[in-house]
Amino acid sequence: MHEYALMEEVVKSLLAKLAEPGVAAEGAEMEVVLKVGALAIHSAAATRQAYEVLVKGTKLENSRLNLIVEPVTLACPNCGFTGPLPEGAVDPHEQLPLAPCPQCGTLAPVTGSRGVESIELVID
Ligand SMILES: [Zn+2]
């Protein structure tokens, strides 16, 4: 499961941060702002679910996950359209994903991030 492996890394790095001296916070006081590329995950729902499972029994339990998915961008060689696509428009498993242009329907390459863009820990 793709999301699970990704979130495992995220949670691991957050817990390492929380283990540093001087950082004292309880789960409910924390908000995790996570920005990922749309090609890094299959669905936002599965990503949230993986987070919930992974933080159980850790200092991050009951923390809030603010998940921001950076959309993929399509650049159409036919009509010149450039813009973001909605979630689920491309299969993240494809190496060179193509999607139909929302303006003219031509299959065009999409670009997007396949990884974690940023992780931020906000403590109330
Ligand atoms: Zn087009």
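Around the amide H of L65, modelled in the peptide plane, lie the amide H atoms of V32, all under 5 Å away and 5 or more residues distant in sequence or on another chain.
Considering only P86, L96, S118, the residue lying farthest towards the positive end of the dipole of the chain is L96, judged by Cα position with unit charges set on Cβ. Between A5 and V122, what FRET efficiency comes out of the Förster formula 1/(1 + (r/R0)^6) with R0 = 35 Å and r the beta carbon distance, rounded to 0.05? Plugging the Cβ-Cβ distance into 1/(1 + (r/R0)^6) gives 0.90.
Report the net charge of residues surrounding I41, where surrounding means a beta-carbon distance below 11 angstrom and charges are Lys +1, Arg +1, Asp -1, Glu -1. With Lys, Arg at +1 and Asp, Glu at -1, the net is -1.
Electrostatic tally near S63: other residues with Cβ closer than 13 Å to its Cβ, Lys and Arg +1, Asp and Glu -1, net -2. Here the sum of -39500 (n - 2.57) over DSSP H runs of 4 or more residues, divided by the residues of the chain, equals -7500 deg cm²/dmol at 222 nm, to the nearest 500. Placing a pseudo-label 7 Å from each Cα along the Cα-to-Cβ vector at F81 and H93 gives an inter-label distance of 2.7 nm. Its residue count N sets the reference 2.2 N^0.38 Å, and the alpha-carbon radius of gyration of segment 8-47 equals 1.41 times that reference.
Rule-based calculations on the coordinates, nothing more; no lab input. Note that this is a predicted model, so its numbers are computed, not measured. So basically every Cβ, Gly included, is an ideal-geometry build from the backbone, and we count neighbours across all protein chains shown.
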